[in-house]
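Asks: Please find one structure pasted underneath; my questions will follow.
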Amino acid sequence: MTEVKAEIEERFGFFPPFFAPALDRPAVLENLWQQTLRSYVGNRLPPLLLERAFAVLSRYCDVPYCVVCHSCALRPMGMSTQQILQLLDGPRGLPGADEAVAVLSAAPAGTPQWAQPGPVADAALRAVVSMFLRDSDRSRLAAALRRVLPAADVDELVLFLGYVTTCLEWVEAHPELSYEADLRAITHLGPMLAEDPALGDFFADYTHRRTVTLTGREAALTAQAEEAEQRFFLIFEHAPIGMVIVDLQGRFVRVNRALADMLGYEPTELQAMTFAEISHPDDVDTGSQAIQDLIAGRIEVFQQEKRYRCARGLWMWARVSAALLHTADGSPVHVITQIEDVTERHEHAEQLAAANAELRRSNQDLEEFAAIVAHDLNGPLTGILGHAALLAEELPGDTPASTRDLLTRITTVGGAMAVLINDLLAYARAGTETLQMQWVDVDALIGELLRDLKPHLDAAHAEVRVAPLGSVCAHPTQLRQVLANLITNAVKYTATDVTPIVEITAVEYDDDIIFTFADNGLGIPPDDTETIFHMFHRAHHDAAPGTGVGLAICQRIIERHGGTIWAEARPNGGSLFKIRLPRYPTGAAHRTECSPPPPAVRGISRPPNPLV
């Protein structure tokens, strides 16, 4: 304590009475002194500006110590007694915030000379007073100051205001402090009173003047509060959603027209009710508990979707948001609640759930139908084809050629029907089979597929060129089916005098992979690039046998994987089939099944800006 007291005396040349109440509490004294050093003595703002602000702000203190001492400190800084009196007595009531904003708005931004005596410094001082009083203009004044003042000066000003607040509260806590024992007053007060006796009248009438100032401020604050309350209830009454104020027992205190219309009651009818009376029985306990949680401070905002009974007897789904209103001393007094009618959304959700259930039932029926088709059609068809083959073997040598031709037609048509049935089954399964997602090494999958297709490819003298393809998260069996279909189509739809060449490449992006199948086949007519994926559509009817179902199966599989497939005609003949697949298919379950991702595959093209 002795060291701190000595440091204070050395700095000021005396020991200000301000610190005296803390002499028997070393920690408090040290704290006060460190705040004084940082925010006042060591503040980088001009001392004259700080003293002027301190003197003006001290007018709002119950004890005259600060206003007298800091007024006296202005005299050795060059201010005359008349200027000091004008500073203290000039801004009656609330400071002129509008004028301060106007001056600051016209000043250059970030000017370091703002604190020099003049209009800008005066406007800044008025702004500081309004900020200190925390009136309704505080935010716009702070914005104007931040525009004009350098950022470092704003920080210093904020620290200074905090220090002044601490000083005034400290002095009010120790009203015994007397400016008569302060060296500043001892040295300068007498000469100042001699220069202008009106200053003595100001100090003598200090209590009355402060009362007038505070009364004016309180009146202004009261007017602002009344205006704010009027604005609030104007918004409350005309809000497009329901709003209600309830007491802590859940009784309605005030109801707006939107809620009354929503529920079909008159506001006066609702004000005689409670939330519990119109709430669905299953929602009553939750609402009551929420109010208790709000009152206890366990939650700040309560949100819930619940049901209310309307006057016409129907239930209305509502989204409810509630928060607690407090009195000035922080005591909970009311709960304000916003209520939005979401019945239509709930009805749509129920309709969507019903439609999804119907879709699942339809898919199940489709699977069952597929099984029936497999059993009831494939079985008899197999019998027909088998008997036709036996009949062909048993025909005598002199059987007419027309008879043999009819038998051949039976076999051919039956075989085509068998292919069509199998394709339809494959199409149905492609849309209903559960996707068992896993990381698929596409390079390995293509290698395995080409080994299985080798007899077919060799018979057509086809060449398949494969670039590195990487990995993708997919259902391996269905992905193989797509790849096989595209390769065999490319070979099948090639002119008989042309050696089929199929090139398979991949381009990898951050979230997607695009596989491209390029061929030198018959190509695709421009009008068929989209319809080629429709069921039973065939671009080249006479080029090769088929059912027109294969590409529809491919599209169904790729879209279920969250991807897309499309076709393009090559400029010099042939066609391009492209598949875009996400590395991670949409849906949390798919992501779980496919994590973690495999290491990056070497050799895959990765353009920096995908525009495909």
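Asks: Any residue at all in region 535-545 that is of a type outside the set (S, T, N, Q) and at pLDDT 75 or above?
Replies: So far as region 535-545 goes, no, none of its residues is of a type outside the set (S, T, N, Q) and at pLDDT 75 or above.
Asks: Within region 77-94, which residues are crowded, with 19+ Cβ neighbours inside 10 Å, assigned to a loop (DSSP other than H, G, I, E, B) and at pLDDT 80 or above?
Replies: Listed by number, the list holds a single entry, MET79.
Asks: Still on this structure, please answer the following. Could you tell me how many of the residues in region 44-57 are open to solvent by less than 20 Å² (accessible area, probe 1.4 Å) and either in contact with a Pro (Cβ under 8 Å, 6 or more places away or on another chain) or among the aliphatic types (A, V, I, L, M) (or both)? Outline the logic, then answer.
Replies: To start, the set of residues in region 44-57 that are open to solvent by less than 20 Å² (accessible area, probe 1.4 Å) comprises 45, 49-51, 53-57.
Next, from what is left, pick out any that are either in contact with a Pro (Cβ under 8 Å, 6 or more places away or on another chain) or among the aliphatic types (A, V, I, L, M) (or both): 45, 49-50, 53, 55-57.
Residues that pass the stated criteria total 7.
Asks: All but one of (1) without any contact (Cβ under 8 Å) to a residue 60 or more places away in the chain; (2) buried (at least 20 other Cβ atoms within 10 Å of the Cβ); (3) part of a helix (DSSP H, G or I) hold for ASN31; state the number of the condition that does not hold.
Replies: Just one mismatch for ASN31, condition (2).
Asks: Right, here's the next one. Anything in region 58-76 that is open to solvent by 30 Å² or more (accessible area, probe 1.4 Å) and not in a helix (DSSP H, G or I)? List them, or say none.
Replies: ASP62, PRO64, listed by residue number.
Asks: Among ALA22, ALA97, which is the only one that is under 47 Å from the mean Cα position of the chain (by Cα), open to solvent by less than 30 Å² (accessible area, probe 1.4 Å) and of a type in the set (A, V, I, L, M, F, W, C)?
Replies: Result of the check over ALA22, ALA97: ALA97.
Residues checked against (1) closer than 19 Å to LEU453 by Cβ; (2) surrounded by fewer than 22 Cβ atoms within 10 Å (Cβ to Cβ):
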| position | (1), (2) |
| --- | --- |
| ALA474 | no, no |
| ASN485 | yes, yes |
| PRO500 | yes, yes |
| GLU503 | yes, yes |
| ASP510 | no, yes |
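The values are calculated or read from the model by the stated rules, or taken from the named source; none is laboratory data. Predicted model only: the values in this text are computed from it and were never measured. Here the Cβ is made from the backbone with ideal geometry for all residues, glycine too, and neighbour counts use every protein chain on show. In case anyone asks, the SASA skips ligands and DNA or RNA and just uses the protein heavy atoms, side chains included. Shrake-Rupley method; radii C 1.70, N 1.55, O 1.52, S 1.80 Å.
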